[in-house]
1. Can you give the FRET efficiency to the nearest 0.05 for Ala35 and Thr2, using r as the Cβ-Cβ distance and R₀ = 35 Å?
2. What's the FRET efficiency of Val140 with Gln63 using the Cβ-Cβ distance as r and R₀ = 35 Å, to the nearest 0.05?
3. With r as the distance between the Cβ atoms of Ser98 and Ala72 and R0 = 41 Å, compute the FRET efficiency 1/(1 + (r/R0)^6) and round to 0.05.
4. What 222 nm value per residue comes from the helices of the chain, counting each DSSP H run with n ≥ 4 as -39,500 (n - 2.57) and dividing by all residues, nearest 500 deg cm²/dmol?
5. In nm, to one decimal, how far is the modelled label at Ala86 from the one at Ala14, with both set 7 Å along Cα→Cβ?
6. Farthest toward the dipole's positive end in the stretch 2-163, which of Ala39, Ser133, Gln64, given Cβ charges of +1 (Lys, Arg) and -1 (Asp, Glu) about the Cα centre?
7. Among rounded, prolate and oblate, which fits the chain when a ≥ b ≥ c are the square roots of the eigenvalues of its C-alpha gyration tensor, a/c under 1.5 means rounded, and a/b larger than b/c means prolate?
8. Does anyone have the angle between helix 134-163 and the longest principal axis of the chain? Alpha-carbon axes, 0 to 90°, nearest 10?
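What follows is calculated from the coordinates using simple rules that are stated; it is not laboratory data. None of the values given here were measured: they were computed from a predicted structure. Positions of Cβ are backbone-derived with ideal geometry, glycine not excepted, and every protein chain shown enters the neighbour counts.
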Amino acid sequence: MTPIILRILPYIAAVLIGATGAWMWQANSYGQIIAANEASRQADIAMIASAGAAQARKAVERQQLAEQAVAALDKKHQKEKTDGLAENELLRRAAADSARRLRIAGSCRAGGGDVSSTASTSSLGDAGTVELSTASGSTVFDIRAGIIADQAALKALQSYVMNVCR
């Protein structure tokens with residue numbers, strides 16, 4: 001019985017040596033594949049990080065440009081509003097000091113719907129101008145100041161939409 005084992009023993013040893021060699025070759029092959037995949041994954045991660053950083057830089061640049069545009073528009077429209085309100089205040093003071101008068105131009109037509117034709121038989125004609133009282137004039141200047149502020153705000157919003165929100 002020992003002679004059979006001695007005959008088989010070289011075959012068993014050869015199979016064991018072959019299996020060990022195959023296992024080592026396969027482990028080396030898988031190691032290379034894993035290393036290549038890891039290198040590819042690292043390259044992909046680096047590329048994604050680089051693209052993300054570039055997008056972030058572009059977004060920051062766009063944000064800064066938008067902020068600069070808003071600041072410029074705000075400065076421009078604030079100056080226009082301030083100038084308009086200053087002019088209104090000068091006119092208000094001039095009217096209050098009696099250096100200037102606030103007059104409203106108007107006309108009356110007998111048959112035009114402004115005044116009933118049965119009110120009077122005399123001709124009304126053009127009324128020319130009407131001079132306002134100091135209190136009424138102040139109210140007109142208050143209304144004008146509100147209009148100036150509203151128009152400035154509207155222009156600022158329109159500029160913002162046209163120049164920044166494009």
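1. Given R0 = 35 Å and the Cβ-Cβ separation, E is 0.15.
2. So the FRET efficiency works out to roughly 0.20.
3. My answer for the efficiency is 0.50.
4. Mean residue ellipticity at 222 nm (helix-derived): -28500 deg cm²/dmol.
5. Placing both labels 7 Å beyond Cα along the Cβ direction yields 10.8 nm.
6. Towards the positive end, the residue furthest out is Ala39.
7. Taking the square roots of the gyration eigenvalues as a ≥ b ≥ c, the chain is prolate.
8. Helix 134-163 sits at roughly 30 degrees to that axis.
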